[in-house]
Amino acid sequence: MIIKTEYDKTEAYTTKDGSLIRELINPEVHGNCKQSLAEAIIATGCTTLLHKHHTSEEIYHITAGKGLLTLGNEKVQVEIGDTICIPPGTPHKIQNIGKGPLRLLCCCSPPYSHNDTELLT
């Protein structure tokens with residue numbers, strides 16, 4: 001079975017952390033099992049809320065813009081082409097420090113779930 005989504009037909013929504021998310025593949029919608037893939041868009045000058053995921057490991061891949069990522073007590077600047085792994089339980093947020101939208105692909109395993117997301121602010 002082929003699982004395929006079409007970007008233009010996938011509606012975006014705002015998640016608990018305040019980013020605009022377009023879920024490209026998620027088991028609850030598409031029938032896959034072990035991971036999810038979404039595109040997050042953070043508007044210029046905005047920052048997501050500090051949060052953590054209890055069980056999901058996340059991978060961020062920056063596709064546009066520039067950001068400042070907070071991981072626990074550390075901060076790292078990220079830009080197009082950078083890929084970052086966020087271990088489960090790690091408090092994190094990302095700030096758009098560029099001149100246009102910050103876009104990133106976010107892969108979660110196990111798949112993203114609102115119930116696995118704890119806001120820390």
Determine which single condition Thr55 fails, assuming it passes every other condition in (1) surrounded by fewer than 16 Cβ atoms within 10 Å (Cβ to Cβ); (2) of a type in the set (Val, Ile, Thr); (3) in a strand (DSSP E or B). (3)
Kindly indicate whether any position in the range 22-38 is within 22 Å of Lys99 (Cβ to Cβ), in contact (Cβ under 8 Å) with a residue 24 or more places away in the chain and under 11 Å from the mean Cα position of the chain (by Cα). no
Residue by residue through the range 72-104, note down the ones that are in contact with a strand residue (DSSP E or B) (Cβ under 7 Å, 6 or more places away or on another chain), among the polar types (S, T, N, Q) and over 14 Å from His61 (Cβ atoms). Gln77, Thr90, Gln95, Asn96
Does Ile62 satisfy the criteria of being surrounded by 16 or more Cβ atoms within 10 Å (Cβ to Cβ) and at pLDDT 95 or above? yes
Residues of the range 53-98 satisfying the condition of being in contact (Cβ under 8 Å) with a residue 40 or more places away in the chain and charged (D, E, K, R): Glu57, Glu58, Lys93
Considering (1) modelled with pLDDT under 95; (2) hydrophobic (A, V, I, L, M, F, W, C); (3) part of a strand (DSSP E or B), say which one Ala40 fails and leave the rest. (1)
Within the range 61-82, work out how many residues are of a type outside the set (D, E, K, R) and within 22 Å of Ala12 (Cβ to Cβ). 9
Single unsatisfied condition, Tyr112 versus (1) modelled with pLDDT under 95; (2) of a type in the set (Phe, Trp, Tyr); (3) assigned to a strand (DSSP E or B): (3)
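The values are calculated or read from the model by the stated rules, or taken from the named source; none is laboratory data. Because the structure is a prediction, the values reported are computed rather than measured. FYI the Cβ positions are ideal-geometry reconstructions off the backbone, even for glycines, and counts take in every protein chain you see.
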